[in-house]
Amino acid sequence: MRVLLLGVLLLPSLAWAEAIFCESMIDVRRGRAVSNVLITVADGQIASVEPGAEPGDARTLEGLTCLPGLTDMHTHLTGEFGPDTYLKEFQVDAADIALESAVYAERTLLAGFTTVRDLGDSYNVSVALKRAIQSGLVDGPRIFTAAKSLATTGGHADPSNGMRADLQGDPGPKQGVINGVADARQAVRQRYKDGADLIKITATGGVLSVASSGQNAQFTEDEIAAIVDTARDYGFHVAAHAHGAEGMKRAIRAGVTTIEHGTYMDEEAIDLFKRFGAWYVPTIIAGKWVEEKSHIDGFFPDVVRPKAAAIGPKIQDTFARAYKAGVKIVFGTDSGVSAHGDNAWEFVYMVAAGMPPADAIRSATVSPAIVLGQEDRLGALEQGMVADIIAVPGNPLSDVGVLRDVRFVMKDGVIYKAPTPAAPSTKATKNTSTPNAAGWTPALSSRTMLRRTTAL
């Protein structure tokens with residue numbers, strides 16, 4: 001809950017303003033640190049950015065480096081995976097999911113991720129969560145949501161997979177299951193009706209679905225093309241979950257904007273990425289998480305365990321090849337597989353695989369803004385941009401791991417997290433101490449929740 005601090009009351013006609021003094025700021029476009037930067041915020045936007053300034057009466061972030069709020073382009077805020085997830089699908093209701101989602105949303109925001117793309121949920125909870133955050137009822141990141149993901153019958157996002165016959169029913173386009181071009185168009189239009197911002201398809205099998213294949217192609221190319229064409233009518237882009245090479249290639253040729261996971265990407269697929277300008281969302285942390293859990297007896301169903309053991313370890317190597325080959329990369333974690341709030345571990349894994357810290361940071365700032373069509377609003381600390389500001393100790397350009405220790409979070413000009421009590425303000429402020437700090441471990445949390453999503 002945000003706290004309204006005492007201060008001078010301004011007339012409604014006057015702009016609210018606050019000054020933030022950063023001892024260091026990352027210029028994400030140029031990949032360099034700038035010293036002594038005064039950022040003035042007015043009405044939720046950055047009014048000015050002054051390098052080499054004096055702090056004056058500004059809120060001083062002593063010993064911290066400022067960056068734009070981060071974006072995670074692959075999350076599932078409606079759940080978090082654990083050993084009893086598959087059973088819980090029959091035990092919890094939409095209300096349970098909504099309440100836990102609010103917790104996960106706040107945890108994500110306080111980890112420095114002020115924007116997320118949510119790629120598949122249960123009961124369209126992410127749509128309601130987005131509205132609640134926008135109205136100020138819930139603290140969380142700015143959400144661009146796909147709502148229910150699209151699958152083919154028996155495919156990775158078919159909600160009836162693994163159920164006994166009398167419970168399966170016959171899900172169709174309204175439930176996100178398609179077979180043929182007409183269904184594909186109807187399913188997109190239903191997502192528009194439901195309040196989605198984009199479309200997510202499962203172009204191949206998945207690791208965590210109760211089905212034998214984790215990589216087979218699951219849409220025909222004409223079905224994907226119908227989805228992409230219809231999505232464009234509504235101003236949507238299309239994200240495609242894809243582990244196997246063939247499904248990946250069909251999706252790229254049909255015009256999807258992003259490929260999620262990309263585990264078995266081959267040279268032909270790399271060529272198509274570059275030719276069609278598609279973006280790659282690696283989700284390395286999710287691969288590491290499922291591989292670790294595959295060694296625990298009983299954690300996954302028998303049909304899931306070998307997929308987790310085989311696919312998980314490959315993602316980081318695929319990322320390294322793709323980056324070296326010049327594929328466009330945008331940051332995404334598949335959080336909800338791994339624990340919400342651990343998102344920044346992905347930076348560590350990206351850099352370990354050969355990506356320079358500056359490029360890794362751009363993949364979570366400038367690049368997502370391009371994919372989302374928000375280049376004039378998000379992704380950089382510049383005049384006219386939305387006032388999404390985070391701060392971390394040290395220099396993330398030399399040690400990207402410091403991004404796991406976010407000490408200050410501002411979103412839309414509202415402070416949700418600050419290192420110390422600050423001077424009175426006329427703006428609602430969320431002032432919390434730093435949880436977990438740099439000691440987070442990415443793979444050991446097992447908080448559970450229903451997951452009729454399409455994670456990994």
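Rule-based calculations on the coordinates, nothing more; no lab input. Since the structure is predicted, the reported quantities are computational estimates derived from the model, not experimental observations. Here the Cβ positions follow ideal geometry from the backbone for every residue, glycine too, while neighbour counts run over all protein chains shown.
Between amide H atoms placed 1.01 Å from N, distances below 5 Å from Gly120 occur with Ala146, Ala147, all of them 5 or more places distant or on a separate chain. Here Glu375 and Val303 are evaluated by their C-beta separation; at R0 = 30 Å the FRET efficiency comes out at 0.10. For segment 70-371, the square roots of the Cα gyration tensor eigenvalues, ordered a ≥ b ≥ c, give a/c below 1.5, which places it in the rounded category.
Here the Karplus curve 6.51 cos²θ - 1.76 cosθ + 1.60, taken at θ = phi - 60°, turns the phi angles of segment 389-396 into couplings of 10, 10, 9, 9, x, x, 10, x Hz, with x standing for Gly and Pro.
Each peptide in 395-405, 142-152, 45-55, 120-130 receives the mean, over its residues, of other Cβ atoms within 10 Å, and ordering these scores from highest gives 142-152, 120-130, 395-405, 45-55. Only lysine pairs 8 or more places apart, or on different chains, with alpha-carbon atoms under 14 angstrom apart are counted in segment 70-371, and they number 10. Taking amide hydrogens as placed 1.01 Å from N in the peptide plane, the amide H of Ile415 sits under 5 Å from those of Lys430, each at least 5 positions away in sequence or on another chain. Mean sequence separation of contacting Cα pairs (under 8 Å, at least six apart), scaled by the length of segment 70-371, corresponds to a relative contact order of 18 percent.
Neighbour counts of C-beta atoms inside 10 Å place Thr204, Thr220 in the sequence Thr220, Thr204, starting with the fewest. A cut-off of 5 Å between modelled amide H atoms, ignoring neighbours fewer than 5 places along the same chain, links Thr152 with Ala157, Ile178.
Across segment 370-386, computed HN-Hα scalar couplings (Karplus, 6.51 cos²θ - 1.76 cosθ + 1.60, θ = phi - 60°) run 5, 4, 7, x, 10, 4, 8, 10, 10, x, 7, 9, 9, 4, x, 7, 4 Hz from first to last residue, x flagging Gly and Pro.
As a proxy for reagent exposure, Thr71, Thr153 were ordered by neighbouring Cβ count within 10 angstrom, fewest first; the result is Thr153, Thr71. With θ taken as phi - 60° and the Karplus curve 6.51 cos²θ - 1.76 cosθ + 1.60 applied, the whole-hertz 3J(HN,Hα) list for segment 23-37 is 4, 8, 9, 8, 7, 5, 5, 9, x, 9, 8, 10, 8, 6, 10 Hz, x standing for glycine and proline. Peptide packing for 250-262, 382-394, 349-361, 295-307 was compared via the average number of neighbouring C-beta atoms within 10 Å per residue; ordered from the highest value, the list is 250-262, 382-394, 349-361, 295-307. Put the Cα centre of segment 301-317 next to the Cα centre of segment 23-46 and the gap is 41 Å.
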